Structures are given as C-alpha cells and as structure tokens.
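Comments concern the structure below.
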C-alpha cells in the first residue's frame, strides 16, 4: 500500500524539474483543435523552453515553464482546463482511429462534475476503445464492456458514462492510499459484485499501436519543437505519435514504419531530470540503427518513467552504464 500521495504534475501544480517548471496538460481522448494546439505552442515558446513532450497517456508536457499562473489562465481561456479541482484526474486514453471523442467528452464532463472524485489520484486512468484496452486503465470501455483494472470480469453496461462514474466513486471509497484499482485488496471483485457479473464471453484486452504513415506520424523520442505543425488539428496517441489531416507537413516526424526511430522511446533524462543518471536521449540516438524486434525504451533511473505498455526491451541507467531488461 502507498504511504504518500502521488506527485503527478498538472497544469496548475507544476513539478520543479531540473530544467524549470514542468506542466502536464491533460487532453482527454487526445483531440486538439488547431486553435487549442496553437495556444499550447505559443505557451511553450513564451512561457517555457519551446519543447513539447508527448506522454504515454496521450497528454502533453511543457518544460522550463516560468509563469504557472499565466499558463493556467491561457489554458482556461482555451477550454483546456475546464476544472482546476479535477484537472489531474482527467486521464482518458482513447483509441485514436475510432470515432469516440464525443463519448470521451461526456466521460470527462461527468467525472469533473462529481466533487468527491477530485480526490482521486493523478494516476487514475480510463481507456476507451479496443485498441487501448490493454493499457491497464483502472476502468475501460469497449462497447458495452466495462473493464476493471485492465481485465474483463464480465460486467456489461447500458450507460457507459454512468458506469464509469459509479465505478470511480466505488474506487474512491475503497482505495485508502492506493493509487490504482489493481492495488486495492479485493477491489476488482467488490466493484464487479456491485454491477453483477454477466455470463457473456470475455474479451481479451489488447494494445494495438498505430504504425507511422503520413497521416499517423511518430514523434522522435516524443519531443516536438513548438514551431512544428502550426495551425494543424491533432489527435495524440499513447504511442507518442499523432493523427493529422492529409497533406500536413510532417517534416521531422516518423512516417516510415521501417524507420529506425519507430518504437524507440526515452524518459527525459539529463539535464532535464535531476534523478536521471544519464543523458538517455543522447545515448538512444547513438544506439539508433541497432537491430531490434520489439519496442525499446531508455530510462535514466530505476523509476523507469514513461515506459510504454506491452512487450518492451528496456535500457535502464545504473550510473556505470545500462542494465538491459527483456
């Protein structure tokens, strides 16, 4: 059991990183209009260091932020911060090639409307769609299937929004100091019992990454320059890639599934993170071109931040090199 609150950064409560204020902007469902994306780009250059990071939950991070109050004001004006009290729990990953943003928006609004749910931890996660069902959400929706801690216990629902809010309330009541439903003793069984298990055939949650193409480019090491993709509507994916309109200038992005960049990710590393034991991004670039059959993630310390879900090869910095974890 956890003995301290989670310290996930937000867009209001910034994290004091080695390179300045770190702001995490939740983007439920990953969808950004061109206008909202341009607000984020401008904030990155005018209030931060011009770097925009894509996270494994399809959110955005700004680094080197010098004025958190101004950032919050800009995000609120753009509709990117509809609830200050609930902003850290607005973690909803959606299958990026499905028509599900309306459902995501309804879920987000309902979660934010319940005052009690503001106390949920920043690690709270909801998934929407089959392609992201294996990402280990506390709750997940695939049609009328309600997943609990990333598994199908047989719960089937008629009103998916009400079901997720109800399950989130139960989780809040049961969790004690736990950050995730999977950490709550007997939590999945208790929530399943509340809904009543169905006898329907169970589904197997899966992870189906989007392959790079001109319409779904990847972002090398998950970092965008704030001058890229000006005026372009985007949909972020949990694989640090994007869905963009046809004809978008994708210079500097990964569009070839055979690119050596495909499937390679890294945490922030030095100099941005004080806990990192290495400049993992530089080391990943130097390693690039080494044959690999699975995704590869580079971590600057044993916390292994940003590790993608699924079968991943990891290089974890030890201070004397890297430990390879397969």
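How many residues does the stretch 281-320 contain that are farther than 14 Å from residue 265 by Cα, out of contact with any strand residue (DSSP E or B) (no Cβ under 8 Å at 6 or more places or on another chain) and at pLDDT 95 or above?
Qualifying residue count for the region: 1.
Kindly indicate which of 149, 178 is at negative phi and either under 24 Å from the mean Cα position of the chain (by Cα) or in the same structural domain as residue 119 (by TED's automatic domain parsing) (or both).
The unique qualifying residue is 178.
For the stretch 154-167, state whether one or more residues are buried (at least 20 other Cβ atoms within 10 Å of the Cβ), in a loop (DSSP other than H, G, I, E, B), under 15 Å from the mean Cα position of the chain (by Cα) and not assigned by TED's automatic domain parsing to the domain that holds residue 239.
No, the stretch 154-167 contains no residue that is buried (at least 20 other Cβ atoms within 10 Å of the Cβ), in a loop (DSSP other than H, G, I, E, B), under 15 Å from the mean Cα position of the chain (by Cα) and not assigned by TED's automatic domain parsing to the domain that holds residue 239.
Residue by residue, here is whether (1) surrounded by fewer than 21 Cβ atoms within 10 Å (Cβ to Cβ); (2) within 16 Å of residue 78 (Cα to Cα) holds:
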| residue | (1), (2) |
| --- | --- |
| 4 | yes, no |
| 8 | yes, no |
| 11 | no, yes |
| 14 | yes, no |
| 20 | yes, no |
| 26 | no, yes |
| 31 | yes, yes |
| 36 | yes, yes |
| 55 | yes, no |
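Which residues, counting only those in the stretch 179-204, are out of contact with any helix residue (DSSP H, G or I) (no Cβ under 8 Å at 6 or more places or on another chain) and either buried (at least 18 other Cβ atoms within 10 Å of the Cβ) or not in a loop (DSSP other than H, G, I, E, B) (or both)?
Across the stretch 179-204, the qualifying residues are 179, 180, 183, 189, 192, 193.
What's the number of the condition residue 19 fails, among (1) at pLDDT 95 or above; (2) more than 19 Å from the chain's Cα centre (by Cα)?
Answer for residue 19: the failing condition is (1).
The values are calculated or read from the model by the stated rules, or taken from the named source; none is laboratory data. All figures in this text were calculated on a predicted structure; none of them were measured in a lab. Counting neighbours? That spans all protein chains shown, and the Cβs are built from the backbone with ideal geometry, glycine included.
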